[in-house]
Amino acid sequence: MADTEDRLIRLEETVAYQAKTIEELSDQLTEQWKVVEQTRAKLDRLTERFLSLEEQSHDAVPITKPPHY
């Protein structure tokens, strides 16, 4: 009977340890997701800025030969 009780205690400890580990992993995943979302938003802003600057450069005066040539 004591062997069964010891086995049950070990199983309960294992389940408790695994539940704690799963919760820690979930917390880490949540933090990583926040970083990914921030990075994605930053990339979107940089892409828009780059495209805007690229559009502005197309409107620039074309380079021509100076009049003394």
Using θ = phi - 60° and Karplus 6.51 cos²θ - 1.76 cosθ + 1.60, couplings along the range 48-56 (whole Hz; Gly, Pro as x): 4, 5, 4, 5, 5, 5, 5, 4, 5
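What does the accessible area per residue of the chain come to in Å², with a 1.4 Å probe and no ligands, DNA or RNA counted?
Values: 7180 Å² over 69 residues.
On a per-residue basis, 104 Å².
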Set of lysines near residue 42 by C-alpha distance (under 23 Å), chain-local residues within fewer than 8 positions excluded: 34
Debye log10 I(q)/I(0) at q = 0.20, 0.22 Å⁻¹ for the chain, Cα point scatterers: -0.90, -0.95
Of all accessible heavy-atom area on the chain, the percent that carbon and sulfur account for (1.4 Å): 59
Point-to-point label distance, residue 29-residue 15, nm (Cα→Cβ direction, 7 Å offset): 2.1
Structure-based [θ]222 nm, the chain - -39500 (n - 2.57) summed over DSSP H runs of at least 4, per residue, nearest 500: -31000 deg cm²/dmol
Proximal aspartates and glutamates relative to residue 20, as straight alpha-carbon distance under 13 Å, when same-chain residues fewer than 8 apart are discounted: 12
Net charge dipole size for the chain [Lys, Arg +1 and Asp, Glu -1 on Cβ; Debye, nearest 20]: 680
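The values are calculated or read from the model by the stated rules, or taken from the named source; none is laboratory data. This one's a predicted model, so the numbers in the text were calculated from it and none came from an experiment. Here Cβ is always computed from backbone atoms with ideal geometry, including for glycine, and neighbour counts include all displayed protein chains. Only protein heavy atoms, including side chains, enter the accessible area calculation; ligands, DNA and RNA are left aside. Shrake-Rupley method; radii C 1.70, N 1.55, O 1.52, S 1.80 Å.
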